[in-house]
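Heads up, the thing below is written out as structure tokens.
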Amino acid sequence: MKLTTLLFLALFSMGALAEGKFAFINAKMLLEKSPQAIAANTELKAQFGEREQSLRKLAEGIQQMERTYQTDAAIMSDEQKKKAEDNIIQNKRRFQFEQQSLKEDLQNKQRELLQAVQIEIKEVLQSHGEKNGYDFIFTDTSIAFGSDAVNITEDILKELQK
């Protein structure tokens with residue numbers, strides 16, 4: 001970000017921006033509202049929703065086992081206590097393994113889908129920039145101030161919806 005800001009200031013001080021046509025986009029809005037991003041989120045929910053639900057049920061089962069153990073421990077034999085404790089430990093390990101596995105799979109799929117969305121947004125930005133004669137299109141994260149007159153986020157969203 002510092003490099004982008006320094007580059008922006010250097011170009012501005014040389015007068016390059018004073019003569020060129022420029023605009024900015026709200027990258028966060030594009031990643032939240034573009035149909036491609038919405039479809040990616042829907043795909044993630046469809047693909048991982050069942051696993052998340054299964055993990056929640058496992059966690060609830062472990063909690064129930066712990067509650068049962070706490071209430072019944074006083075009347076259990078040592079062997080029954082040991083068996084119940086081992087069962088709880090095994091289920092906790094299984095939960096941790098499945099939770100970590102889900103987290104890694106979800107992150108990998110998110111990365112994959114996000115990359116595809118970013119590539120499509122970049123292509124639309126390049127096409128829009130060339131078609132409309134822009135010399136620069138910045139993201140809002142590197143702009144200290146930008147007039148709504150040069151904010152083309154809505155235009156890009158419309159093109160992404162085509």
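The values are calculated or read from the model by the stated rules, or taken from the named source; none is laboratory data. Keep in mind that what you see is a predicted model, and the values were worked out from it rather than measured. Heads up, the Cβs are rebuilt from the backbone with ideal geometry, glycines too, and the neighbour counts pull from every protein chain shown.
Among the residues making up region 93-125, those that are loosely packed, with under 15 Cβ neighbours inside 10 Å, closer than 18 Å to PRO35 by Cα and either touching a Lys or Arg at 6+ places or on another chain (Cβ under 7 Å) or free of Cβ contacts under 8 Å to residues at least 60 places away in the same chain (or both) are ARG111, GLU112, GLN115, ILE119, LYS122, GLU123. Restricted to region 14-39, and to residues there that are loosely packed, with under 12 Cβ neighbours inside 10 Å and under 19 Å from VAL150 (Cβ atoms), the residue that is modelled with the highest pLDDT is GLU19. Residues that are free of Cβ contacts under 8 Å to residues at least 12 places away in the same chain and outside any helix (DSSP H, G or I) were ranked within region 28-86; the one that is farthest from LYS122 (Cα to Cα) is SER77.
Within region 119-132, the residues that satisfy the criterion of being assigned to a helix (DSSP H, G or I) and within 15 Å of THR153 (Cβ to Cβ) are ILE121, LYS122, VAL124, LEU125, HIS128, GLY129. The lone criterion from (1) modelled with pLDDT of 90 or more; (2) surrounded by 15 or more Cβ atoms within 10 Å (Cβ to Cβ); (3) in contact with a strand residue (DSSP E or B) (Cβ under 9 Å, 6 or more places away or on another chain); (4) not basic (Lys, Arg) left unmet by ASN151 is number (1).
Here ILE119 meets each of (1) in contact with a helix residue (DSSP H, G or I) (Cβ under 9 Å, 6 or more places away or on another chain); (2) closer than 30 Å to LYS28 by Cα; (3) of a type in the set (Val, Ile, Thr) with one exception, condition (1).
Only one of the listed residues (ALA23, ALA73, ALA40, ALA59) is hydrophobic (A, V, I, L, M, F, W, C) and closer than 19 Å to ILE137 by Cα. That residue is ALA23. Screening the candidates ALA59, ALA74 for the property of being of a type in the set (A, V, I, L, M, F, W, C) and surrounded by 10 or more Cβ atoms within 10 Å (Cβ to Cβ) yields one hit, ALA59. ILE89 passes every criterion in (1) without any contact (Cβ under 8 Å) to a residue 60 or more places away in the chain; (2) surrounded by 12 or more Cβ atoms within 10 Å (Cβ to Cβ) apart from (2).
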